[in-house]
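Let me begin by presenting the structure, written as structure tokens, before commenting on it.
Coordinate-derived values only; no laboratory data. This one's a predicted model, so the numbers in the text were calculated from it and none came from an experiment. Backbone-built Cβ (ideal geometry, glycine too); neighbour counts: all protein chains shown.
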Amino acid sequence: MTQRHDGRSADQLRPVKIERGYPSAAPGSVLISMGQTMVLCTASVSDDVPPWMRGKGKGWVTAEYNMLPGSTSPRKQRDRKKVDGRTTEIQRLIGRSLRASIDLEKLGEASITVDCDVLRADGGTRTASITGGMVALIDAVASLRTEEGGPVEPFKEMIAAVSVGVVDGEPLLDLDYPEDSGASVDMNVIVTAEGRFVELQGSGEEATFSAEELARLIELGQQGAAELIVAQRAALSVSA
């Protein structure tokens, strides 16, 4: 097995850091770093829900995603008028993933918006957004109270997300940008703490992949997500 360009083994995550309580007006605020990728995830609470959900006794969780101009080189233009298709697809993925962690009926008629702003992009920004957004969502829910004054406890289980891919014929965990840009196959794996899948997004880049390669990528994704859930729980055990 060849060593990766940054010295990692094929099944090794980049260094992960999850910092809660990053300065923000939002009740949930997390700065997540995975290698050189950095995303600020903030979770804001509203006592209203979208019009189509009013009166149903259920809450809502959604997400917005943005890459700041200085997150890439060359500079990324701001989305001032219309969100592009890639951004729309990513924020829908983040929202779907986070909703899988929560019982919307137990949340009650409240909405939580998780904003994921990429400060630095070096691969895996959408998966880092989901992993950091999960922690921000937990902190935001902790600010809510039931009518009796007790805590709202709507969570089903933790989720985390990680990228995997085939680079130079070898399945790898947690691709950085050089690896992602050269991958013949790339996939995003979103997994619960119990090892169940929320979503798999994978495709060949002018290439195909075998059932054996797919099985190995899924195995790597499950392993990486489990390690990230350990990091999430460790961050939550520290007072913000």
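Out of everything in segment 175-216 that is of a type in the set (Gly, Ala, Ser) and in contact with a Gly (Cβ under 7 Å, 6 or more places away or on another chain), what residue ends up being surrounded by the most Cβ atoms within 10 Å (Cβ to Cβ)? Top of the filtered list is Ala183. Between Val135, Val152, the distinction of being of a type in the set (Val, Ile, Thr), surrounded by 21 or more Cβ atoms within 10 Å (Cβ to Cβ), in contact (Cβ under 8 Å) with a residue 40 or more places away in the chain and closer than 30 Å to Leu107 by Cβ belongs to Val135 only. Residues in segment 94-125 that are in contact with a strand residue (DSSP E or B) (Cβ under 8 Å, 6 or more places away or on another chain), farther than 20 Å from Ile229 by Cβ and assigned to a helix (DSSP H, G or I): Leu104, Leu107.
Residue by residue, here is whether (1) without any contact (Cβ under 8 Å) to a residue 40 or more places away in the chain; (2) part of a helix (DSSP H, G or I); (3) not aliphatic (A, V, I, L, M) holds:
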| residue | (1), (2), (3) |
| --- | --- |
| Val164 | no, no, no |
| Leu200 | yes, no, no |
| Leu217 | no, yes, no |
| Gln222 | yes, yes, yes |
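So that you can scan it fast, the table gives a plain yes or no per residue for (1) of a type in the set (Val, Ile, Thr); (2) farther than 30 Å from Tyr177 by Cα; (3) touching an Asp or Glu at 6+ places or on another chain (Cβ under 9 Å); (4) in contact (Cβ under 8 Å) with a residue 40 or more places away in the chain:
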{"position": "Pro50", "(1), (2), (3), (4)": "no, yes, no, yes"}
{"position": "Thr62", "(1), (2), (3), (4)": "yes, no, no, yes"}
{"position": "Ser71", "(1), (2), (3), (4)": "no, no, yes, yes"}
{"position": "Pro74", "(1), (2), (3), (4)": "no, no, no, no"}
{"position": "Val83", "(1), (2), (3), (4)": "yes, no, yes, no"}
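For segment 188-198, the candidate set comprises residues that are touching a residue at least 24 places away in the same chain (Cβ under 8 Å) and not β-branched (Val, Ile, Thr); within that set, the residue that is nearest to Leu173 (Cα to Cα) is Asn188. Put simply, of Ala128, Ala140 the only residue that is aliphatic (A, V, I, L, M), over 12 Å from the mean Cα position of the chain (by Cα) and assigned to a helix (DSSP H, G or I) is Ala140. Taking segment 109-150 as the range and being among the polar types (S, T, N, Q) and either out of contact with any Gly (no Cβ under 9 Å at 6 or more places or on another chain) or closer than 23 Å to Met67 by Cα (or both) as the test, the residues that pass are Thr113, Thr125, Thr127, Ser129, Thr131. Residues in segment 32-49 that are of a type in the set (Ser, Thr, Tyr), buried (at least 17 other Cβ atoms within 10 Å of the Cβ) and more than 16 Å from Gly21 (Cα to Cα): Thr37 alone.
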